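The structure appears below as structure tokens.
The values are calculated or read from the model by the stated rules, or taken from the named source; none is laboratory data. Computed from a predicted model, the values in this text were never measured in an experiment. All Cβ positions, even for glycine, are placed from backbone atoms using ideal geometry, and neighbour counts span all protein chains on display.
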Amino acid sequence: MHIERLHTADLQAVMQIWLSGNLQAHAFIPKAYWESNLPLVEKQLPQSEVYTARENDLVCGFIGLCGGHIEGLFVDEACRGQGIGKALLDFAKTKYPVLTLCVYQKNTRAAAFYRREGFSLERAGTDASTGEPELQMRWQAEKEKFV
């Protein structure tokens, strides 16, 4: 597996992973919400800092960053459980000394993953666009790694 910057040719594969991942992880949010946001996300992704994980020339997952904030981390259902999410997160940790993210409180699997990867709770709040409770989490590198 290797990680590289998003190529325009991979946009449709990334969008499919984004939509199916959101529908699977966030069944508590109406499907129409994700489908209505698809065109906006598709327009914004190529202009963002997005890295894909590829295995045998297929996109298996991706991470979207805005500075040190993780906008999203998604792994294709067929590729889950193979360390791809961890590899993408580890890649982001080499780029930024501090990472933040928001995760829906009901997405317990993702919240547990981030805790295992060294993220801690900064605060709890509510996502303005969905009204769902969310957790803001933070990770910080050991100081000697970024000196």
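Structure summary
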item: Residue list for the range 128-144, filter: out of contact with any Ser or Thr (no Cβ under 9 Å at 6 or more places or on another chain) and surrounded by fewer than 14 Cβ atoms within 10 Å (Cβ to Cβ); result: Ala128, Ser129, Gly131, Glu142, Lys143, Glu144
item: Residue satisfying condition, being within 28 Å of Glu142 (Cα to Cα), of a type outside the set (Val, Ile, Thr) and under 12 Å from the mean Cα position of the chain (by Cα), within set Tyr96, Tyr51; result: Tyr51
item: Residue check for Ala124: exposed (fewer than 15 other Cβ atoms within 10 Å of the Cβ) and over 19 Å from Leu23 (Cβ atoms); result: yes
item: Helices (runs of 4 or more DSSP H) contained in the range 28-147 and holding at least 2 residues touching a residue at least 24 places away in the same chain (Cβ under 8 Å) and over 16 Å from Leu6 (Cα atoms); result: 84-95, 108-116
item: Hits in the range 2-27 - residues which are out of contact with any helix residue (DSSP H, G or I) (no Cβ under 7 Å at 6 or more places or on another chain), of a type in the set (A, V, I, L, M) and assigned to a helix (DSSP H, G or I); result: Ala9, Ala13, Ile17
item: Single match in Leu121, Leu73, Leu99, Leu38 (criterion: modelled with pLDDT of 95 or more and over 25 Å from Asp10 (Cβ atoms)); result: Leu121
